Amino acid sequence: MPKPSSLTLDILKKYWGYEAFRPLQQDIIESVLDGRDTLGLMPTGGGKSITFQVPTMAIDGMALVITPIISLMKDQVDRLRALRIKATYLYAGLTRAEVNRTYEKCLYGGCKFLYVSPERLQSRSFLEHLRQMPVKLIVVDEAHCISQWGYDFRPSFLRIVQVRKLFPAVPVLALTATATPVVAEDIQRCLNFKTPNVFSMSFARDNLSYVVRSTEEKNRELIHILQSVPGTAIVYVRSRQRTKQISDELNRAGIHADFYHAGLYVEDKEDKQNKWTSNECRVMVATNAFGMGIDKPDVRLVVHVDIPNSLEEYYQEAGRAGRDGKRSYAVLLVKQTDQRVLRRHITEAFPDKDFIRHVYERVGDFLGVSLGEGFQQMFDFNFNLFCRTFDLPVLPTHNALRILTQAGYIEFVEEIETQSRVMILAKKEELYDLDTTTRGADQVLQAILRLYTGLFADYVFINEDVIAFRTGLDQETIYNSLLELTRMHILHYVPRKRTPYIIYLTSREEPKHVLIPKAVYEDLKERMSQRVEATINYAYSDNGCRECMLLAYFGESSGEECGHCDLCIDRRKRNDHQPEDVQQGILYMAGLRPRRLEEFLNTLSFPKDEIMSMLSFLVDEGFVKHNDDDTYSTMK
């Protein structure tokens, strides 16, 4: 492979319009073009995709990109195609015809990028076709998923070694935003790196202030923060239901907000994301489904209302603030009960082994798989119906399926939705004077031909709501029309699906023979416990420096404290005032109107412990009254 010169910079300018590489990008590109296995540790917003897209455009052949995030896969392929770069993808939701067309593109069409989900690697047919493709680079995105020491271990990633055997001379580029030193070492071991080779950006973010706020009224505090910090914001919560609840509450408070989670339709997700990206909507309240692949540099604030399970998860999500280098804030809201809730997550994540075996047995019954059958077969799997059918608790059942996946018995894939798509099979001259029986079929066909391009060459995503708006027909008529046109071989219609699926990795066994290895139960439980305790230590520490804690967790030493996290600021305030200042501040606020404790803590620029101590003193001395509604006011 050629050494990078002006060629890679020319490619960067031609396709992406950038005048120069970001820090570490060129180092990784040079390493890849030298044919070296490479691990790139680049925080969120560091420009990871450029590190494999540019070198692939500089060489003959194609890149195989393995990524677990289907939505990100589609997004990157769409962006590459918009740049007139040939790219395509494979995931388990595609039809056989779509898969075959993708193979043809890669074998004969000069495709530069093939994105695949890790479960595709278990297909013998895929591996046989892959063997014939001109693969010159293997890219592993979200590479921490291959390590059992990582916070998001996925056994399907371990199959990447099979791909390496097909292309022993081809380098691997592994990329992740979060990896402790142990995980970084494990990634290289699992991917059979010829020699250790890590490029790591500092995890320090000079423009990002980390703040922890302790409050029993999180929604009230959230509103206060959003009113105090201008600009675009992301608010993370753990439940889909709460995304809408909090979004509604923010709107009632005059803060323009919307909500986002994985259960929304694709079109709704795109609409909400576009409005937020274009600043039509200021605040997005979301689960962790929101944020991957979103290139919005001017996010001023990321607030976590619910505490994450790990610092890896927190750092990645908090890092979506301030990508433009300007002052931004990552705020974590905590209350005392959060510690207990977080530790309870450990128990919930590892249900009893007998329960796991029971779930395994019920899955076979639900799918109609007999003992000794099912090997390498894929089944649509309606998780909610499964739980209702056998009266199983949702969260433990979900985690049981995850552990069965890690143990190698099944692959439980939570692909929430595949969009409707159409490809025209008939020749253009055959589309006139069709003899259809369904009312409106001709209108539907003409609307599709007017609305979408590329229909004769490949499958194209369609939106039945748009077709309904254009034609005035109802959804049922449109659906039946598309089915008739499919039966007539005029087109092929693949309706949208909203269901996970299960792949049997072994033939179905009797529950007593299902073994749950120590490596995927006791060991992973212990590692999760360690991550939870590290998160609790970060969230409830009242001394030190927040950024230093994060850097130490990721194995990076810092010579000095950041100076702009809440702990550093509190320490500076402690040295810049007298007790009388604290007393006067409390008396002034309480004299205007009754105040809750959080209002004193978040308004007065003094250390929290001094505010609480002085408030207690003023109550004891009779200067301030603690009211029945838990507010404080001055004595009249």
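The values are calculated or read from the model by the stated rules, or taken from the named source; none is laboratory data. Remember, it's a predicted structure, so these values are computed and weren't measured experimentally. FYI the Cβ positions are ideal-geometry reconstructions off the backbone, even for glycines, and counts take in every protein chain you see.
Assorted remarks:
- The helices (runs of 4 or more DSSP H) falling completely within segment 3-78 that include 3 or more residues that are more than 19 Å from the chain's Cα centre (by Cα), closer than 28 Å to ARG189 by Cα and modelled with pLDDT of 90 or more map to 25-33, 50-57.
- Matching residues, segment 366-413, being of a type outside the set (A, V, I, L, M), under 28 Å from the mean Cα position of the chain (by Cα) and in a loop (DSSP other than H, G, I, E, B): GLN376, GLN377, PHE381, ASN382, PRO393, GLY408, TYR409
- ASP620 being among the acidic types (Asp, Glu) and out of contact with any helix residue (DSSP H, G or I) (no Cβ under 9 Å at 6 or more places or on another chain): yes
- Of all the criteria given as (1) surrounded by fewer than 18 Cβ atoms within 10 Å (Cβ to Cβ); (2) out of contact with any Cys (no Cβ under 7 Å at 6 or more places or on another chain), the one not satisfied by LYS86 is (2).
- For GLU312, the conditions (1) at pLDDT 95 or above; (2) buried (at least 19 other Cβ atoms within 10 Å of the Cβ); (3) assigned to a helix (DSSP H, G or I) are fulfilled apart from (1).
- Pair list, Cβ under 8 Å, 6 or more apart: segment 163-187 residue more than 18 Å from GLU313 (Cβ to Cβ), other residue of a type in the set (Ser, Thr, Tyr) and not in a loop (DSSP other than H, G, I, E, B): PRO171/THR38; VAL172/THR38; LEU173/THR38; LEU173/THR51; ALA174/THR38
- Summed over segment 209-255, residues that are out of contact with any Asp or Glu (no Cβ under 7 Å at 6 or more places or on another chain), of a type in the set (S, T, N, Q) and under 20 Å from LYS608 (Cβ atoms) total 3.
- Count of residues meeting criterion [part of a helix (DSSP H, G or I), touching a helix residue (DSSP H, G or I) at 6+ places or on another chain (Cβ under 7 Å) and surrounded by fewer than 17 Cβ atoms within 10 Å (Cβ to Cβ)] in segment 603-617: 1
- Scanning segment 430-450 for residues that are touching a residue at least 12 places away in the same chain (Cβ under 8 Å) and outside any helix (DSSP H, G or I) returns LEU434, THR436, THR437, THR438, ARG439, GLY440.
- Only one of ILE255, ILE246, ILE234, ILE223 that is modelled with pLDDT of 95 or more and touching a helix residue (DSSP H, G or I) at 6+ places or on another chain (Cβ under 6 Å): ILE255
This table checks each residue for (1) out of contact with any helix residue (DSSP H, G or I) (no Cβ under 9 Å at 6 or more places or on another chain); (2) under 30 Å from GLN406 (Cβ atoms).
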site: LYS86; (1), (2): no, no
site: ALA97; (1), (2): yes, no
site: CYS106; (1), (2): no, no
site: LYS112; (1), (2): no, no
site: TYR115; (1), (2): no, yes
site: ARG120; (1), (2): no, yes
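- A single entry from GLY322, GLY291 fulfils the requirement of being modelled with pLDDT of 90 or more, assigned to a loop (DSSP other than H, G, I, E, B) and under 19 Å from the mean Cα position of the chain (by Cα): GLY322.
- Residue among LEU567, LEU550 that alone is under 30 Å from ARG402 (Cα atoms) and touching a strand residue (DSSP E or B) at 6+ places or on another chain (Cβ under 9 Å): LEU550
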